[in-house]
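The values are calculated or read from the model by the stated rules, or taken from the named source; none is laboratory data. Bear in mind the structure is a predicted one, so any value in this text is a computation, not a measurement. Every residue, glycine among them, receives a Cβ derived from its backbone with ideal geometry; neighbour counts consider all protein chains shown.
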Amino acid sequence: MTREKALKLGRKIARDLFTNGMKQRAWRLVLEAPNQHYDGLGGWSETAIAHRIADHLAALSEGK
């Protein structure tokens, strides 16, 4: 899979992850740790997650 195709699929997957069943779009996914108060574990933007997915897909194509 080319990097371009991986990024296209990554964007499609990210859009799906950021959309709920009522077709409402989120702007951020937040990370939470179990049994801890929320203290800013961070999160993901849609663009960042799309690129992360594309990186993994491209690595699979390269046999990594």
State all residues of segment 1-53 that are among the small types (Gly, Ala, Ser) and either out of contact with any Gly (no Cβ under 9 Å at 6 or more places or on another chain) or free of Cβ contacts under 8 Å to residues at least 40 places away in the same chain (or both); if no residue qualifies, say none. ALA6, GLY10, ALA14, GLY21, ALA26, ALA33, GLY40, GLY42, GLY43, SER45, ALA48
Would you be able to say whether some residue in segment 43-56 is assigned to a strand (DSSP E or B), of a type in the set (Val, Ile, Thr) and surrounded by 12 or more Cβ atoms within 10 Å (Cβ to Cβ)? no
What is the number of the single condition among (1) at pLDDT 80 or above; (2) under 18 Å from ARG3 (Cβ atoms) that GLY63 does not meet? (1)
Conditions: (1) modelled with pLDDT under 95; (2) at negative phi; (3) out of contact with any Leu (no Cβ under 9 Å at 6 or more places or on another chain). LEU57 meets all but one. Number of the miss? (3)
